[in-house]
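Please read the structure below before turning to the comments.
The values are calculated or read from the model by the stated rules, or taken from the named source; none is laboratory data. Just so it is clear, the model here is predicted, and its values are computed rather than measured. Cβ placement follows ideal geometry from the backbone for every residue including glycine, while neighbour counts extend to all protein chains displayed. These accessible areas exclude ligands, DNA and RNA; they are computed on the full protein's heavy atoms, side chains included. Shrake-Rupley method; radii C 1.70, N 1.55, O 1.52, S 1.80 Å.
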Protein chains: 2
Amino acid sequence: MISISLASDVPIHDQLVAEIRRLIAAGTIAAGDELPPVRQLAADLGINLNTVARAYRDLTDAGLLSSSRGRGTVVMSGTERPTGEPAQVRRRIESSISSALSDAKLAGLSRDQTRDLINTMMARLWGPSCEEGASP
Amino acid sequence: MISISLASDVPIHDQLVAEIRRLIAAGTIAAGDELPPVRQLAADLGINLNTVARAYRDLTDAGLLSSSRGRGTVVMSGTERPTGEPAQVRRRIESSISSALSDAKLAGLSRDQTRDLINTMMARLWGPSCEEGASP
DNA sequence: TCGCATTGTATCGTACTATGATACAATGTC
DNA sequence: GACATTGTATCATAGTACGATACAATGCGA
């Protein structure tokens with residue numbers, strides 16, 4: 001369910017954070033669900049347990065997870081997640097969207113190709129929309 | 001025209017790369033245009049010239065810029081930019097879009113808010129669309 | 001042609017980070 | 001209370017980010 005790339009230049013624990021955030025956002029794992037113990041996930045991915053622990057800690061600090069010794073790590077409910085300063089959050093989101101779109105355009109994707117790609121991924125997060133690709 | 005944040009946790013040269021990619025994708029700077037000398041841009045941003053040089057080198061390696069001593073750094077034309085393995089490129093783009101959308105949803109943005117934000121930023125890159133927010 | 005300014009590049013040092021090996025501490029179970 | 005399970009802390013090592021400084025190539029004017 002979680003996949004990382006050791007060849008990538010982005011740190012492993014950052015990849016892990018992004019993957020877990022994606023799973024939470026998509027609802028694949030929900031509030032109260034347990035995550036695998038650091039040793040198990042580390043073994044599954046072939047990495048060190050500290051690297052997994054680092055990702056769990058980052059997400060715990062961000063308010064998405066809750067960890068405690070002996071009991072494991074569980075997903076927090078959405079209501080108790082501090083999102084931070086609205087202006088800063090918006091800037092950060094704009095920045096990441098901007099980078100992604102620039103990447104797409106520089107890679108040669110057309111506006112329609114990019115829009116289709118985004119619609120597909122939005123459907124996975126928010127559920128299917130009413131106005132895209134209506135079947136006959 | 002280029003803005004970076006020293007407080008951010010993302011490396012300065014990576015921020016610079018993202019900013020310049022954005023400017024090229026948006027057409028703000030086009031093939032043949034000269035970029036500021038490393039010393040000038042470094043002074044403007046209050047950073048070391050090596051950091052700017054690193055960003056220029058990364059983009060030169062990526063085929064977006066062309067640098068040579070004494071002559072400066074210019075933007076390459078789109079036709080001579082190698083984009084890499086299509087499958088890898090698509091994976092990378094999907095990954096960055098996925099992260100951005102997950103970020104948006106976890107921050108509490110609705111589907112429509114996110115779509116509006118994306119439409120706005122797409123308009124900046126590909127030009128205004130025909131089907132969004134048509135004025136009366 | 002020569003001297004010099006301009007520009008990118010290479011070298012080196014310092015602080016920090018990522019990852020891993022290992023040991024520790026808290027919780028639950030029998 | 002003994003032990004397994006789980007997260008956490010400590011330490012070491014390799015790599016990276018950033019900067020100060022020196023070098024090399026190109027172009028221009030005297």
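Some points to look at:
- Considering residues of region B:12-30 that are in a loop (DSSP other than H, G, I, E, B) and open to solvent by less than 60 Å² (accessible area, probe 1.4 Å) only, the residue farthest from DNA strand D (Cβ to nearest atom): B:GLY27
- Flag for A:THR73 being in contact with a Phe, Trp or Tyr (Cβ under 9 Å, 6 or more places away or on another chain) and within 14 Å of DNA strand C (Cβ to nearest atom): yes
- Across region A:31-43, the qualifying residues are those that are in contact (Cβ under 8 Å) with a residue 24 or more places away in the chain and surrounded by fewer than 20 Cβ atoms within 10 Å (Cβ to Cβ), and the one among them that is farthest from DNA strand D (Cβ to nearest atom) is A:ALA31.
- Near pairs, Cβ below 8 angstrom, 6+ apart or cross-chain, from region B:5-21 (among the acidic types (Asp, Glu)) to any residue that is surrounded by fewer than 11 Cβ atoms within 10 Å (Cβ to Cβ): B:GLU19/B:SER3
- Looking across region B:91-105, the residues that are open to solvent by 30 Å² or more (accessible area, probe 1.4 Å) and facing another protein chain (nearest Cβ under 8 Å) come down to B:ARG92, B:GLU94, B:SER95, B:SER96, B:SER99, B:LYS105.
- Qualifying residues in region B:45-71 (those that are farther than 12 Å from B:LEU16 by Cβ and within 14 Å of another protein chain (Cβ to nearest Cβ)) - the one nearest to DNA strand D (Cβ to nearest atom): B:ASP61
- Looking only at residues of region A:63-79 that are under 14 Å from A:PRO36 (Cβ atoms) and of a type in the set (Val, Ile, Thr), we find that the one that is most open to solvent (accessible area, probe 1.4 Å) is A:VAL74.
- Which listed residue, of B:LEU6, B:LEU49, is more than 12 Å from DNA strand C (Cβ to nearest atom) and not assigned by TED's automatic domain parsing to the domain that holds B:MET122: B:LEU6
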